1. Looking only at the stretch 92-106, count every residue that is surrounded by 21 or more Cβ atoms within 10 Å (Cβ to Cβ) and modelled with pLDDT of 95 or more and tell me the total.
2. Condition first: hydrophobic (A, V, I, L, M, F, W, C) and closer than 20 Å to L84 by Cβ. Now tell me which residues in the stretch 180-200 satisfy that.
3. In the stretch 25-58, which residues are modelled with pLDDT under 90 and more than 16 Å from V116 (Cα to Cα)?
4. So if I check each of I30, I80, I56, which one is under 15 Å from the mean Cα position of the chain (by Cα), open to solvent by less than 60 Å² (accessible area, probe 1.4 Å) and on the phi < 0 side of the Ramachandran plot?
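The values are calculated or read from the model by the stated rules, or taken from the named source; none is laboratory data. Quick caveat: nothing in here was measured; it's all calculated off a predicted structure. Here the Cβ positions follow ideal geometry from the backbone for every residue, glycine too, while neighbour counts run over all protein chains shown. Side chains are part of the model used for accessible areas, which takes the heavy atoms of the whole protein and leaves out ligands, DNA and RNA. Shrake-Rupley method; radii C 1.70, N 1.55, O 1.52, S 1.80 Å.
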Amino acid sequence: MQQGCDFIKKYLEILKTVSLFTGLYDSELIEMLNCLGANKQNYEKDSIVISVGNRISSVGIVLSGCANIIKEDINGNRNIISELKAGDLFAEVFACSGAPSSISVTTQTNCEVLFVEFEKVINTCSSTCKFNSRLIENMLKLIAFKNIQLHDKIDILSKRSTREKLMEYFYKQVDQNNNHKFKIPFSRNEMADFLCVDRSSLSRELGKMRDEGIINFNKNSFEVII
């Protein structure tokens, strides 16, 4: 664990990109995080940050590295809900609801994660009251945005075939990047988990789509041609 003004200043540029802190000046962000008792923890690759069943009291913010939010069914089949990278926030829904976590968070690389107590974010004190309304507004917007992302994922998974799922996912990437060329954050195994399809079927369909001139790709770089 590492705390204090110097620690926060080191990661200030990343923290300024976090949607929870939108509208705060640098000095306000430093003051607020010190008051909230924000703390940093380090994780090695393939570590578990959150396990299913955990009671969550803190909101997590990725400072460096990458992690995945994962949902597993009773048979152990893994579904990647989303990827987390520097500046992304997670666990806010479970911290807010008080319900045990139904997902796990595991690291893809070595990661540094900042944790902030949710109760301190939404409750006023003599030091943070001037930031309180801004934080609550930002948190509501953040949860709403995460809900939109969930609907996007449902759109993808509602498609019947592997090709339909792939094309829905690719079209959403085109929209998000405003470009027909983009990079995805997943390996092939992770992509199969994200789309809830068989790994072999995914590779076979990607090859067919490339042969038909629908897409082009090299490793994680893709282009939607039609």
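1. The total comes to 1.
2. Going residue by residue through the stretch 180-200, those that are hydrophobic (A, V, I, L, M, F, W, C) are 182, 184, 186, 191-192, 194-197.
Those that are hydrophobic (A, V, I, L, M, F, W, C) and closer than 20 Å to L84 by Cβ: F182, I184, F186, M191, A192, F194, L195, C196.
3. Y25, D26, S27
4. On the way: I30 fails: under 15 Å from the mean Cα position of the chain (by Cα); I56 fails: under 15 Å from the mean Cα position of the chain (by Cα).
From the options I30, I80, I56, the qualifying one is I80.
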